[in-house]
Structure formats: C-alpha cells, structure tokens
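Okay, so here's the structure we're looking at.
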Amino acid sequence: METQPHSRLGPFLALTFIYFLVGFLSTVNGQFQGPLQSAFLSDAGALKNTFITLIPFFFFLAYLVNGNIASRWINRYGYKTTLVRGLLFMVLGLAVFFLSAWFTVQFGDLRTTIAGASIPYGYFIFLAGSYAMGTSATVLQVVINPYVTSYELKGTQPVQRLNIVCAVNSFGTTIAPFFVTGILFAGLPMESVHVRQLMLPLLILGVLIALVTLMTKRLYLPNIRDTTTGEGEKLERSIWSFRHLTLGVIAIFFYVGAEVSVGINVNLHALELSNSDEPLLFLGSSNLVVWGVDLGIPALLASLYWGGLMVGRIVSSWLNHISPRVQLTVATSAAAILTLVAIYTHNLWVLVSIGLFHSVMWGCIFTLATVGLKKYTAKASGIFMMGVFGGAVFPFLQGALTDALGSWRWSWMLVFLCELVMLAYALAGSRVRKEDLLEGTD
C-alpha cells in the first residue's frame, strides 16, 4: 500500500467536499417527508406517518446491508475506486427519483391498498431511489471516515479532522431543508405540492453529480498503509472481538437513531402543531416569508437543528486538548436533559437545540471505536456503518408510535433513551481492554 505525503492538503479537501454532498443529499432525501406526505400519501389515512417514515427507513437500511461490502471493496480495489462507486450510486439514486416523479405524473391512477391506505406505485419507486441514495452515503462514509482519521495533517488530531469534515457535512444538511421548500417546491403550501415539480431539479442534480464523479476519477487519492489488509492477507481475529468497536457500533446505532429522528421528524411535529389550536410561531408569525417565498417554519426548525450540528462541529474542531471521551460524556448528558425539557414544555425550539450537542457524537464515537485497530480499520469502518441502521429504525418506530398515541409529543422519549445509551458508552463501553491492544499500539 502507498503511504500519503502528509504535506498534501488536496485529498483532504476533496473528501471534505464529497462529504458535503453526502450531508446535503441525505437531508434532501429526509426532508421529502413533509411535501411527499401530501403528494403521495394524501389517501393514507391514519397510517400516513408510518408510511412516510419508510423514506428514511429504506435510506438507512442500505447502511445495514452494504456497510461490510464497502469495506471489502476498499481492501480489494482501494479507497479511490470505492469512492467513485459510491458517487455512481448517488447518480443512480437521483435517476430513480426522477423516474418516480415521471411515473407518478404519467400513471398517477395506478395504486395499491395496504391496511386501508391507498398508495400510488410511484411512491415505491421513490423508496427504491432512497435505498440507492443510502447505498451511496454508506460507501462514501466507509471511505471518508477512516481516511480522514488516518490521513495525517500537521497540528491536528484524528477527532479534529473528522469533526472538520463533519462540520462541512452539516453545512450541507443545514441548507438542504430550505432547498427542498424554497427551490424544489418553490415555497408552495404543503397541500399544493405536486411531484411534477421534482423532475427538473432532480435531473439537474443528477447531471452535476455525474460531473463530480468524472472529476473524482482524476483525483489524486493515495491509499494509506496499515489501514487495510494486503492481497491474500487474512485477519487473525474476528472484527467483533474488539469490545470497544462492538459497543461503538451499538452506540452509533442509537446515535444515528436520535440524530435522524430529530432532523427529519421535527418538521412533521411542526406540521401537526400548525393544524392545531396552538400553531408554532416564529417572531409572532405562523409563516416564514423571505422575498415573497414561504420557506416554512418546519424547514426553519430542521435548518436550526442541522445548523447546530455545523456550529458545534466547527467549535469542537478546535478542541484539540479535550479527549473524545470527555466530549462525548458532556454532550450526551446535555442532550438528554434538553430532550426532557423539550418534552415536558412541548417546545420544539428547545428540542432542535440539541443539535449543538449531537454535533460531536459521531466523531467521538467513531474515534473511540477504532482506537488501535490498524489493519482492521477499513473493515471496522464497514462494520461501524452497519450501526447507522438506527437511522432507519428509530424514525420509523417514532412514526408508528405517533400514530398510536395520536401525537408526536411523547414519542421523543425514544430520543432520550438513545442519549442514555451513548452516555453509557462514553463512561464505560469505550474503554479499550488490554487484550484488544494490537502489537505496536500504545
């Protein structure tokens, strides 16, 4: 394996930009829930929340299915080829989204009935696109996470580098909600949204990502020694034998469940409030009109949440003297307290503030889970991505729980549970046992 020259900033910047695309398009996928609940599921009745959360379910299902596949690609073909494959899946996902919109426009009367809910076939095509987008995000993250933690840059620690790229990723997630409401659907009220509006923007995005893919093929991206196995080399130990990694996968399962639940379901809760006697207000108004376009308070809530992740990651990228374990302990404790406050006061503005504390959790958990793994790192990254399946499970459970309870309010206790599990990992599960230290590891 080739070792990178540490003085080169180019590969790090290129991967940071691609991570921005992952964050932006992942959140666009999730933010489709509100508009498409009207466009696709107007006849879904009491199960509309359950069915709409299938969008993130299929997206994050890809992490469970494909995480280990991506790590095998790295070991066999290298980081660069695997990166290009991930971008190709992104192009495929956007193409399937376009096909879903076209099919629904042309054959909108083709429907099926499930548990009394009438669902157009075009919605199932959209779910296939969501799975393809999730596959892209899986492959790209399996490449980028271990690469930036191992790609040494002077004056930085692994958790700092990961928080830097995550901060840029969060910038993409921050602007995505307004992209959906303000550009894709042109500020129209939710009840006026039609899937026809998706076609041109998705076609343009697909062409742009195809161009990025072609540019990436020409990118200088050296492999990194001691993070992968050589050709024909077998690993002596099971990847699951490292306790701090195994528990880290569990912690990331609950982390992504909490992160995604807030990020994509808070706007559905806001929509519920907008149809009640106590609508959510911003500066005394129930609308957010900018230059004549109603961007929507639900989109503002989502952007504030993802923006909190961005701000927190920028701040944490300068915390080179505070260990990941301490950062994770403080962040999970604060997030748990704020979640309880938000539930008991029924205040969504408090709820989205936990984004500031969710910001450091991904970088801290990944760094703690992969300490000292050396040649097991690439495989560990793929295993780690399987834990991201929590982003499929918890939003779906929350949607089903909301339909059962008749309100989103108490369903946020699932997020509180997730914070407690991550706190336990910070305090105990992340500690590395002596038997898990490989030769040459301090």
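Of all residues in segment 62-100, those being more than 26 Å from residue 240 (Cβ to Cβ) and not hydrophobic (A, V, I, L, M, F, W, C) number 4.
Those residues that are open to solvent by 60 Å² or more (accessible area, probe 1.4 Å) and outside any helix (DSSP H, G or I), I need them from segment 86-116; list them, please. Give the steps one after another, and end with the answer.
Pass one, segment 86-116, residues open to solvent by 60 Å² or more (accessible area, probe 1.4 Å): 88-89, 92, 98-99, 102, 106-107, 109-111, 113-116.
If the condition is that a residue be open to solvent by 60 Å² or more (accessible area, probe 1.4 Å) and outside any helix (DSSP H, G or I), then 107, 109, 110, 111, 113, 114, 115, 116 are the ones that fit.
Only one of the numbered conditions (1) part of a helix (DSSP H, G or I); (2) more than 19 Å from residue 55 (Cβ to Cβ) is violated by residue 154, and that is (1).
Going by what's in this entry, would residue 427 be described as free of Cβ contacts under 8 Å to residues at least 40 places away in the same chain and open to solvent by 40 Å² or more (accessible area, probe 1.4 Å)? Lay out the reasoning, then the answer.
Values: free of Cβ contacts under 8 Å to residues at least 40 places away in the same chain: no; open to solvent by 40 Å² or more (accessible area, probe 1.4 Å): yes.
The answer is no for residue 427.
Please list, ordered by residue number, the helices (runs of 4 or more DSSP H) wholly in segment 313-418 having 2 or more residues that are surrounded by fewer than 16 Cβ atoms within 10 Å (Cβ to Cβ) and at pLDDT 85 or above.
Details: elements: 324-345, 348-352, 355-358, 361-369, 377-386, 390-405.
Result: 324-345, 390-405.
Identify all residues within segment 139-190 that are modelled with pLDDT of 75 or more, closer than 25 Å to residue 269 by Cα and open to solvent by 30 Å² or more (accessible area, probe 1.4 Å); write none if there are none. Selection gives 171, 175, 179.
Of the residues making up segment 60-85, just one is aliphatic (A, V, I, L, M), buried (at least 19 other Cβ atoms within 10 Å of the Cβ) and over 18 Å from residue 22 (Cα atoms), namely 74.
The values are calculated or read from the model by the stated rules, or taken from the named source; none is laboratory data. Quick caveat: nothing in here was measured; it's all calculated off a predicted structure. Backbone-built Cβ (ideal geometry, glycine too); neighbour counts: all protein chains shown. Each accessible area value is taken on the protein alone, full model and side chains, heavy atoms only, with ligands, DNA and RNA left out. Shrake-Rupley method; radii C 1.70, N 1.55, O 1.52, S 1.80 Å.
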